[in-house]
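First comes the structure, then the notes that go with it.
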Amino acid sequence: MNLYYADGDRQIGPIGKNELQSLIKAKKINSQTLVWQPGMEKWQELGLFVRRKTQSGSQSIQPAPAVTTTWQSACSECGRAFAEDDMIRFADTWVCATCKPILVQKIKEGVTIAGVMEYAGFWIRFGAILIDGIIMWIVNMIISIPLGFIGATSFEQPAVIVVTQLFMILLQFVFSAFYDTWFVGKYSATPGKMACKLKVVTADAGQGSYARALGRHFAKWISGFILGIGYLMAAFDDQKRSLHDRICDTRVIKSGEN
């Protein structure tokens with residue numbers, strides 16, 4: 001039989017009739033698998049090949065043509081599928097030739113394009129951090145006042161004062177980590193970011209896990225330890241990423257919610 005079949009971009013064969021039947025039975029190939037044998041001008045789907053196969057005389061053996069794969073994507077504007085060779089790519093989306101003028105007009109008008117992340121700039125992120133800072137300050141005061149009172153009434157017991165201070169600091173660190181991890185892991189945004197209509201997402205605009213949110217919280221320490229330069233990086237990065245965003249492969253985007 002001398003039949004070849006395509007496995008992705010690989011050409012496998014030749015195989016005989018019995019081996020072909022075994023592959024079909026094992027569901028490794030199906031009626032849509034591309035096949036070729038000497039004498040054929042191009043690759044055909046196996047189902048079509050079987051239907052059209054007829055007895056023919058001997059033919060000169062030709063080298064098998066290259067296996068080509070045509071990738072298709074959906075247009076972000078009309079939703080129809082087209083070959084990517086016939087489309088244009090804008091950021092992470094594909095647009096067909098018919099919808100290209102619509103996309104250009106939207107860009108001119110400043111409209112948010114479907115499927116395209118609109119990265120949050122430095123100052124709006126700063127505003128979100130400021131709001132979160134105020135919330136954290138209020139919570140820390142609620143924690144600190146009762147514990148401070150305990151320390152004040154234990155003036156003659158230095159050990160109690162030290163333990164109280166250490167416990168206060170520990171609670172502040174734990175609450176800060178919980179605050180970032182829970183809100184970002186569950187809602188993709190802290191209350192400050194929610195107020196500014198921002199979200200923390202992964203590189204493909206997906207929601208991050210709690211583990212990534214916790215890692216991002218501790219990565220923020222690094223951004224702060226180097227004189228805040230890690231935060232300032234967001235002002236100059238093309239995707240508005242700070243150092244902790246780069247470390248955890250996250251992006252801060254505008255949520256687009258009204």
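Points worth noting:
- The gain in end-to-end length when the residue 226 to residue 138 segment is fully stretched comes to 29.0 nm, 0.36 nm per residue minus the alpha carbon separation.
- Approximating the spin labels as points 7 Å out from Cα along Cα→Cβ, the residue 104-to-residue 171 distance works out to 6.3 nm.
- Taken as Cα centroids, region 1-38 and region 200-248 sit 49 Å apart, rounded to the nearest whole angstrom.
- Amide H within-cut-off set for residue 39, under 5 Å, with H built and near neighbours excluded: 62
- Each Lys or Arg adds one and each Asp or Glu subtracts one; over the other residues with Cβ under 12 Å from the Cβ of residue 87, this totals -1.
- FRET efficiency, residue 48 to residue 9 (Cβ-Cβ, R0 22 Å, nearest 0.05): 0.60
- Residues whose placed amide H lies under 5 Å from that of residue 94, excluding near-sequence neighbours: 76
- With R₀ set to 51 Å, the beta-carbon distance separating residue 145 from residue 202 gives a calculated FRET efficiency near 0.85.
- In this structure, residue 30 and residue 89 have a Cβ-Cβ separation that, at R0 = 41 Å, corresponds to a calculated FRET efficiency of about 0.85.
- Close lysine pairs were tallied over region 122-254: pairs 8 or more places apart or on different chains with Cα atoms under 14 Å apart number 6.
- Above 19 Å, the calculated P(r) of region 122-254 contains 54 percent of its Cα-Cα pairs.
- Computed over neighbours whose Cβ is under 12 Å from that of residue 19, the net charge equals +3, Lys and Arg +1, Asp and Glu -1.
No value in this document is a laboratory result; all are computed from the given coordinates. This one's a predicted model, so the numbers in the text were calculated from it and none came from an experiment. Don't worry about glycine lacking a Cβ; one is built from the backbone with ideal geometry, like all the others, and counts go over all protein chains shown.
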